[in-house]
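The structure appears below as structure tokens.
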Amino acid sequence: VGLMGPVDTTLAFGSRGVSSIMMVGLQGSGKTTTTAKLARFIQKSGKKPMMVAADIYRPAAIEQLKVLGGRLDIPVFHAPGKNPTQICRDALEAAQFKGCNVVLFDTAGRTILDDTLMQELVDIKEATHPENILLVVDAMIGQESVNVASEFDRRLDLSGFILTKLDGDARGGAALSIKEVTKKPVKFLGMGESLDRLEE
């Protein structure tokens, strides 16, 4: 019981203006899909989300986000030719024009942790001051996820985690380890491909 709780699944929203959620994680963790799922979750709570395609290294990620945004009727901001920090900063302004009050940054991932990626994420954080920084972790990578989580937390001071692919064969043991090592909560679980399959 001590290991699992208490669980705080709330997201922090500013009292006025635009709140932001920075989605981070390694490539292949399901970050882009999870960004759309979380945007849908926020949309259902009565807020007006906007998603931001800040992964400029994978054109497929930008396309994927645009397709998901179209399916959910959620606007997607992208700015070809700009760097990720500038894109995220511009998106906050654009959100006000569009009447959106929550912005979700779909940031770039890498296959491994590297300093270039981490610095980019730190730059985005410093430029936009997100209320929430969520690490998307693939439940299937097991205990390696603890090292990943620790490093992201050290550099970015995470708000919490979203564990994906729990509908597969993964046992979710990583969730216990991550929570114990970082003392940060697992806020959501991705339980399937459909855009409604996100559980607190």
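The values are calculated or read from the model by the stated rules, or taken from the named source; none is laboratory data. This one's a predicted model, so the numbers in the text were calculated from it and none came from an experiment. Because the Cβ atoms are built from the backbone with ideal geometry, glycine has one as well, and the counts that use them run over all protein chains shown. Heavy atoms of the whole protein, side chains included, go into the accessibility calculation; ligands, DNA and RNA do not. Shrake-Rupley method; radii C 1.70, N 1.55, O 1.52, S 1.80 Å.
Key figures for this structure:
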item: Selected residue [among the small types (Gly, Ala, Ser), open to solvent by 20 Å² or more (accessible area, probe 1.4 Å), closer than 23 Å to LEU156 by Cα and not in a loop (DSSP other than H, G, I, E, B)] from ALA61, ALA39, ALA127, ALA91; result: ALA127
item: Some residue of the range 177-188 being part of a loop (DSSP other than H, G, I, E, B), in contact (Cβ under 8 Å) with a residue 24 or more places away in the chain, open to solvent by less than 10 Å² (accessible area, probe 1.4 Å) and closer than 16 Å to LEU104 by Cβ; result: no
item: Only one of ASN132, ASN83, ASN147, ASN101 that is under 24 Å from LYS37 (Cβ atoms) and more than 16 Å from the chain's Cα centre (by Cα); result: ASN101
item: Filter pass, VAL137 being out of contact with any Gly (no Cβ under 6 Å at 6 or more places or on another chain), touching a residue at least 12 places away in the same chain (Cβ under 8 Å), surrounded by fewer than 15 Cβ atoms within 10 Å (Cβ to Cβ) and under 19 Å from LYS184 (Cβ atoms); result: no
item: Residue within the range 109-122 that is closer than 20 Å to ALA36 by Cβ and in a strand (DSSP E or B) present; result: no
item: Residue match in the range 136-154 (condition: of a type in the set (Val, Ile, Thr) and under 21 Å from PHE13 (Cα atoms)); result: yes
item: Matching entry among PHE161, PHE97 (being surrounded by fewer than 21 Cβ atoms within 10 Å (Cβ to Cβ), closer than 25 Å to MET50 by Cβ and of a type in the set (Phe, Trp, Tyr)); result: PHE97
item: Conditions (1) more than 11 Å from ALA53 (Cα to Cα); (2) open to solvent by less than 10 Å² (accessible area, probe 1.4 Å): number failed by THR107; result: (1)
